[in-house]
Every structure is written in structure tokens, then in C-alpha cells.
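S.K.: My questions will all concern the structure given below.
The values are calculated or read from the model by the stated rules, or taken from the named source; none is laboratory data. On a predicted model such as this, the values are computed, not experimentally measured, just so you know. Methodologically, a virtual Cβ is constructed for each residue, glycine included, from the backbone with ideal geometry; neighbour enumeration extends over all protein chains shown. In case anyone asks, the SASA skips ligands and DNA or RNA and just uses the protein heavy atoms, side chains included. Shrake-Rupley method; radii C 1.70, N 1.55, O 1.52, S 1.80 Å.
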Amino acid sequence: PLVHPNYQGQDLVLPDDKSIIIKYAEHPDLANQIGNDIITASGTTLLGADDKAGVAEIMDAARLLMKHPEIKHGDIKILFTPDEEIGRGVDKADLKRLAADFAYTMDGERAGTIEDETFSADGATLTIHGVSVHPGFAKGKMQSAIKIASAVIDALPKDRLSPESTNTKDGFVHPVHISGSVEKAEIQFIVRDHVTANLKKHEDELEGIAKSIVEQYPN
């Protein structure tokens, strides 16, 4: 981790890989950090900043309240647990032992932001089995799983149902990983919507798109 003290709006070049530049013009939130200290990675790791920032926020909040007893509050209890967006991080937590009336997740956003709702999320995996034939004898036989997977991706809606084309509470289907060979390919999707019942609709549409593409490859 690197500390950039008293940030003044300059581009941040990560020294271990100088091709990685955090540009002021591309990150509007940096305008809110003028005069603050900024922590980044050095350019060769992901730093794990998401979790570390959360721990730092929680500990600094505890420090502030302990240092300023004049701030009125009820009993405060702290629980460290993984808490990704789908909310499964607290599934194994003993809430009776915690005995708290309310719980808040400390996470990274703009200072002063409070979120009182979130989306529902599913994951979907599409596995395509192709027909692998030696390319010297492939005419009329080979059906490449890589190309079929690419056709599925290309057939996804481009003006809706994707992160790059939706806003506010619109749901989306988002391919996040693709891997494979001629013989077999796999696409991993995340499916999200603020209305839980819509997840099934998005998944049905994804399945329909996949089937319509695969029908063009009868083997």
C-alpha cells in the first residue's frame, strides 16, 4: 500500500507498473478528495482494499466514539464478517449472541452516504459442449464451443439489460467470465434486479437467447 498525502488533484502513477495511472479526469470522485490522504496499491497487487477499507472505517468509527464520550449513543457492538452484495456474509452469524436491534454495513462510498435498500442477485453459468474435430478434417463437422459462446454474448440485448445500458433500478444480465476451448466453453453471468421476482424473467430471457443460438448448431 502507498499513501499519497495531501492529494491536490494530480494523476496518480503507480510506481511498480507505471502504465497504471489513476487519472483525475477519469475519476470524478477524486474531486472530493482534495486535501485528503489517498491510499493505493503499488501497481502489482489488488491490495484487498475493499475489505481493508471496511475494517479501517469500523475501527476509526470506534476510535472516534471512544475519544469523544460527549457523543450520545446506545450500546455498540462490532462484528467482522464478509458481507458481499448478496448478503450471505451474515448467514452463520449468531445474531442472538450479538443481541443488536439494528445492524449497519460499513462500506466504501462517498462520505455521508446511507443506503437503505439493495438489489437481489443470482448467478448463472452457461456451459456449451462443442464438437472438436482435427482442423484438417473439420469441414461440415466441427462446431466450436468458443464461437457458439461468442454468438451468445453477441446476441445479448445491447440497449437494455446490461450494466452499460441501464440506470437507477433497472435490472441486468452481465457476463463476467468466459473460458473454454473448441470442445467446451463456459460463460458465467451475474443477474441483478431490485425486484426479486424479475430475476427469473431475466434468467428465462438469457436461457431463450442461448437456446436460439444453440439451435443453429444441431450437433
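S.K.: Mind listing whichever residues of the range 186-219 are of a type in the set (A, V, I, L, M, F, W, C), surrounded by fewer than 17 Cβ atoms within 10 Å (Cβ to Cβ) and within 22 Å of Glu117 (Cα to Cα)?
M.R.: Val195, Ala197
S.K.: What residue, among those in the range 89-112 that are under 19 Å from the mean Cα position of the chain (by Cα), in a loop (DSSP other than H, G, I, E, B) and not basic (Lys, Arg), is surrounded by the fewest Cβ atoms within 10 Å (Cβ to Cβ)?
M.R.: Residue satisfying both the conditions and the ranking: Glu109.
S.K.: Only residues that are within 20 Å of the chain's Cα centre (by Cα), under 26 Å from Phe80 (Cα atoms) and loosely packed, with under 13 Cβ neighbours inside 10 Å: list them for the range 12-45, please.
M.R.: Hit for the range 12-45 is Thr45, nothing else.
S.K.: Test each condition in (1) farther than 14 Å from Leu161 by Cα; (2) free of Cβ contacts under 8 Å to residues at least 12 places away in the same chain for Glu183 and report the one that comes out false.
M.R.: Tallying (1) farther than 14 Å from Leu161 by Cα; (2) free of Cβ contacts under 8 Å to residues at least 12 places away in the same chain, Glu183 fails exactly one: (2).
S.K.: Now for a separate question. Give Gly48, Gly9, Gly54 a once-over and let me know the one that is loosely packed, with under 13 Cβ neighbours inside 10 Å and closer than 23 Å to Asp107 by Cα.
M.R.: Gly48
S.K.: Right, another one. Restricting the search to the range 120-175, which residues are under 18 Å from Asp204 (Cβ atoms), open to solvent by 80 Å² or more (accessible area, probe 1.4 Å) and touching a residue at least 40 places away in the same chain (Cβ under 8 Å)?
M.R.: Thr125
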